[in-house]
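Structure first, commentary second.
The values are calculated or read from the model by the stated rules, or taken from the named source; none is laboratory data. Source: prediction; values computed, not measured. Heads up, the Cβs are rebuilt from the backbone with ideal geometry, glycines too, and the neighbour counts pull from every protein chain shown.
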Amino acid sequence: MLSEVRPDAGFTSEADLRAAEVVRPEDVLKLTSITQDYLCKPSSNIYDIEFTRFKIRDLDTDQVLFEIEKPPDDASEREDQPTETARYVRYRFSEDFLHLKRVGATVEFVVGSKPINNFRMVERHFFKDRLLKSFDFEFGFCIPNSKNTCEHIYEFPHLSPELGRLAISVVLLFFLSNT
């Protein structure tokens, strides 16, 4: 059976965070369901962090299951492209994906001209408003104008056949910044 991660006490809502002047990682960790939209506008990205590549692979076979990379920067295309639309990537996996034991998710991101102290990324996986897994990554210091890569290792919980069929019908979204 799928285990459930309990949210922190004193939870908050998406509406609460949208009304807040500042959204902190601690606030995000209190959310009890997936948000309907991003909590910050692209203009809030004062460090010019861009997620440029995302890859998912089966760790047991090293087979790449999904990979997407941002095309090389082209200023003329950038001005024409709507910023909000460019933040989403949709992908689907077959039911076989749920039978994997471990996957690696590689994220590549670049940092703008300002150094970042204590860069932190919170990743939360929900299914039907139930928190399944929560990750809190601390990257520490990021050098200005640097390209950074990290791979997160995920061990999948055993899913009942019924929950597996239900889960595979869900469309997953991943943030790919193009600001």
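The residues of the stretch 126-141 that are within 19 Å of V23 (Cβ to Cβ) and surrounded by 14 or more Cβ atoms within 10 Å (Cβ to Cβ), listed by number, are F126, L131, S134, F139.
The set of residues in the stretch 29-56 that are among the β-branched types (V, I, T), farther than 20 Å from V111 by Cα and part of a loop (DSSP other than H, G, I, E, B) comprises T32, I34, T35. From the list A75, A86, pick out the single residue that is loosely packed, with under 12 Cβ neighbours inside 10 Å and either at pLDDT 70 or above or over 26 Å from D129 (Cβ atoms) (or both). Answer to the selection: A75.
For V103, the criteria (1) within 12 Å of the chain's Cα centre (by Cα); (2) at pLDDT 90 or above hold in every case but one, which is (1).
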